[in-house]
Amino acid sequence: MPAYPLFDDVHVKFGRQIASLQNKEFHKKMNGLIKAACKTEQTVSSFLTQLQLLIGEYMCNTDTKILVPNFDTIRYFLQELEEAVQHLPEVLVSSDQNLNIIKLHYRDVSVTLQRCNSAEYPWKVIASDLPNIPIFKDFEKNVTNLSVAKTKFIWQMEILEKAWKQLEEIDENCWVIDPLKPNKSHLYRRIHLSQSLSVTITIDPLNPIALPVIKFSGCDSEVKRQTDDVSNNIHKWDYDCSILENLKMLLNMYEFPEQQESMEEKKAIINNECGICFSDELPDKICNNKKCMRYFHSVCLSKWLQTDIGNQVVFNHIYGPCPYCKEKISCSIEH
């Protein structure tokens, strides 16, 4: 129904179960029902009732066993769909051809639901742009109808709005190296600070102005220096300021480094592969030797250092030589 709820240019398609009904006389009568619906501005429910009677009439005149769709179920679904479209009209509703997959879209965020056989909860979430946080888990378990799904969708968006605003400010003012293409499901940002240091922050979506989880990646000397700065300044955290402004204060930085436009400069920082496994996944450890500055994954470096029984383990950290330059290097022991 391209002009829903009007019947202009409507098309009715049948599945294999009632293919035997598709003769000229049947289609003539069906087209008559459509024309009458156009003239009288019938509801979809009324049209389906008449179509059901027409199919029943032709069923009596054939010996073929025909599996007829449950029109009561279809009628209930259409009523539910109509209510959902009218409820919270700012949320766009789209569907696949069979009306089994429904997509809710609001601004630049989507949630996709699929019809299932459960009478109590006939819908399940199969895809979502929203972050996976504990408070939202019941959303997928308690979708009784599409109107409820739209209400919960808007509720989640409103909860996350402040967190997204904080992250957008970081995206606009910092060189974010992970994720390379942030979306609404990402609640963390890894920010480039220097050739040998980066910081990953993960914010609390329910309290986005609070102190985030902070983790530094890079060479030991730089990580220690910045960790000390954070420890010395953490008492100055101001809940009236944005995450970005507070990060500048914690790190003793006036401004964050600007993102480099040159592809070569970008590759020098973003595309440094691990010196042990050589994968493209962004490493989080850098050799302290400025002439070496090899990148490693902590997991890879930990396993490498543990192969030498002479390396020391102190407070869950293992110390040993860099695999390349043999300068001292350390990392936490990964289990």
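Read-outs throughout are calculated quantities, based only on the coordinates presented, and are distinct from any laboratory measurement. What you see is a predicted model; the values in this text were computed from it and never measured. In this analysis, Cβ positions are derived from the backbone assuming ideal geometry, glycine residues included, and neighbour counts consider all displayed protein chains.
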Here are some residues: Asn183, Asn173, Asn132. Which one is in contact with a helix residue (DSSP H, G or I) (Cβ under 9 Å, 6 or more places away or on another chain) and either of a type outside the set (A, V, I, L, M, F, W, C) or closer than 25 Å to Gln79 by Cβ (or both)?
-> Asn173
Residue within segment 233-244 that is part of a loop (DSSP other than H, G, I, E, B) and in contact (Cβ under 8 Å) with a residue 60 or more places away in the chain present | yes
Could you give every pair whose Cβ atoms fall below 6 Å, whose first residue belongs to segment 85-101 and is of a type in the set (A, V, I, L, M, F, W, C), and whose second residue is surrounded by 11 or more Cβ atoms within 10 Å (Cβ to Cβ) and assigned to a strand (DSSP E or B), counting only separations of at least 6 or pairs across chains?
-> Val85/Val93; Val91/Leu104; Val91/Tyr106; Leu92/His105; Ile101/Gln114
Output the residues belonging to segment 294-319 that are at positive phi and either polar (S, T, N, Q) or crowded, with 17+ Cβ neighbours inside 10 Å (or both).
-> Asn316
Scanning segment 159-207 residue by residue, those in contact with a Lys or Arg (Cβ under 6 Å, 6 or more places away or on another chain) and of a type in the set (Ser, Thr, Tyr) turn out to be Ser198, Thr200
Does Ile159 qualify as being under 30 Å from Asp240 (Cα atoms) and in contact (Cβ under 8 Å) with a residue 60 or more places away in the chain?
-> no
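So if I check each of Pro182, Pro205, which one is in a loop (DSSP other than H, G, I, E, B) and in contact (Cβ under 8 Å) with a residue 60 or more places away in the chain?
Every option except Pro205 fails the conditions.
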